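Undergrad: One structure is given below, represented as structure tokens, and several questions about it will come after.
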Amino acid sequence: MRTAIVLAALAIALAASMLAGVLIGAVPIAPLDVWGALWGHGDPTTATIVRDLRVPRVLGAAIVGGALAVAGALLQGLLRNPLADPYVTGTSAGASLCAVVAIALGASSDPALLPVAAFVGALVAAGIVWRLSSLGGHASVLTVLLAGVILSSFAAAIVTLLLVASDRIVLRLRAVLAWLLGGISVLDTSELVVAGAIVVGATVGAIALARRLDAFAFGEETAATLGVDLERTTATVLLVTALLTGAAVALGGVIGFVGLVVPHAIRPFLGAAHVRLVPASFLLGAVTLVLADVGARTILSPAELPVGVITGLVGGPFFLGHLLRQRRRMLV
């Protein structure tokens, strides 16, 4: 009963936040005008703003936020590490590296290539982490963590080198920094359809992995005695998180703290069982990023902040407070 109430409340919050995202912006639009624009009535300019700009952006923010939150919940369960998120396995770093490389090679003439490059980078990064972590014949949680940290550091170094050395990137430095700091960008409806299909499919896969992830909470040896195939489960979780992260980065660039904070925020209400945690994390992650995007659009209106700045400003203090509360409980 409690799970149903929490999920229903989150679904209502998501609907309300998406409505706010459509209503609020640099150009104020009355609710009745928004309703008319959604059905193709009223002023053509209003219809263009609502249907071509705000609605795709709100949907994109919901998809990105939900994907990052589910990826964070999966990685925290797999690695038994409260600090785990898509950055830990290097998927975000791989996605950003491939996007920056694409710009350095002249892909800026076709903006649609950047999301494709980011998506491929996330998948390749997950594959590299898996191969590195299984060099000794067995992929353990520790080796996955180490491989992810190594890959992230290496990718960050290459990105920095390209930012300094590439003339093409210097000419588009503002756009590159906006990508690295995060910002919802939907160039075509097909991007939303593809990303949404990937995220929905990966989220269903995450729910299917719930029982095996729950077994990891007792340690790898205990999970193995319960019949869990450790290597296959680890590989599957990494693949699912790569799909989620790749779709998120393709639409929103590199956005931090959502995958880290959201699972922590929902566990006190629903516990650690992933069959409940995954769908709740998706809903809360979607709400979080939709509201963060509204803030990014309005705080310095008509200018826009990168949405990653908003998530960092809110998520950093939130997570610090969570750590301090945990510390106090350990000392009591």
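The values are calculated or read from the model by the stated rules, or taken from the named source; none is laboratory data. For clarity, every value in this text was computed on a predicted model and none was experimentally measured. Because the Cβ atoms are built from the backbone with ideal geometry, glycine has one as well, and the counts that use them run over all protein chains shown. Protein only, heavy atoms only, side chains kept; ligands, DNA and RNA dropped before computing areas. Shrake-Rupley method; radii C 1.70, N 1.55, O 1.52, S 1.80 Å.
Undergrad: Can you pull out every residue in segment 171-181 that is over 13 Å from ALA102 (Cα atoms), under 27 Å from the mean Cα position of the chain (by Cα) and open to solvent by 60 Å² or more (accessible area, probe 1.4 Å)?
TA: If the condition is that a residue be over 13 Å from ALA102 (Cα atoms), under 27 Å from the mean Cα position of the chain (by Cα) and open to solvent by 60 Å² or more (accessible area, probe 1.4 Å), then LEU173, ARG174, LEU177, LEU181 are the ones that fit.
Undergrad: Which ones in segment 294-313 are open to solvent by 80 Å² or more (accessible area, probe 1.4 Å) and within 16 Å of VAL254 (Cα to Cα)?
TA: LEU313
Undergrad: Taking segment 142-157 as the region of interest, how many residues are more than 14 Å from SER96 (Cα to Cα) and open to solvent by less than 50 Å² (accessible area, probe 1.4 Å)?
TA: 5
Undergrad: Next question, about the same structure. Do you know which of the residues in segment 229-286 that are over 28 Å from PRO115 (Cα atoms) and in a loop (DSSP other than H, G, I, E, B) is modelled with the highest pLDDT?
TA: Within segment 229-286, the match that is modelled with the highest pLDDT is ALA273.
Undergrad: Tally up the residues in segment 202-226 that are within 25 Å of the chain's Cα centre (by Cα), free of Cβ contacts under 8 Å to residues at least 60 places away in the same chain and either under 17 Å from GLY65 (Cβ atoms) or open to solvent by 50 Å² or more (accessible area, probe 1.4 Å) (or both), please.
TA: So the count comes out to 3.
Undergrad: While we're looking at this one, here's another question. Condition first: basic (Lys, Arg) and in contact with a Ser or Thr (Cβ under 9 Å, 6 or more places away or on another chain). Now tell me which residues in segment 52-100 satisfy that.
TA: ARG57 - this is the single residue of segment 52-100 that is basic (Lys, Arg) and in contact with a Ser or Thr (Cβ under 9 Å, 6 or more places away or on another chain).
Undergrad: Another question, if that's okay. Return yes when ARG57 is modelled with pLDDT of 85 or more, open to solvent by 20 Å² or more (accessible area, probe 1.4 Å) and either on the phi < 0 side of the Ramachandran plot or part of a helix (DSSP H, G or I) (or both) and no when it is not.
TA: yes
Undergrad: Now for a different question. Of the conditions (1) under 18 Å from the mean Cα position of the chain (by Cα); (2) buried (at least 16 other Cβ atoms within 10 Å of the Cβ); (3) more than 17 Å from LEU75 (Cα to Cα), LEU270 fails just one. Which one is it?
TA: So LEU270 meets the others, but not (1).
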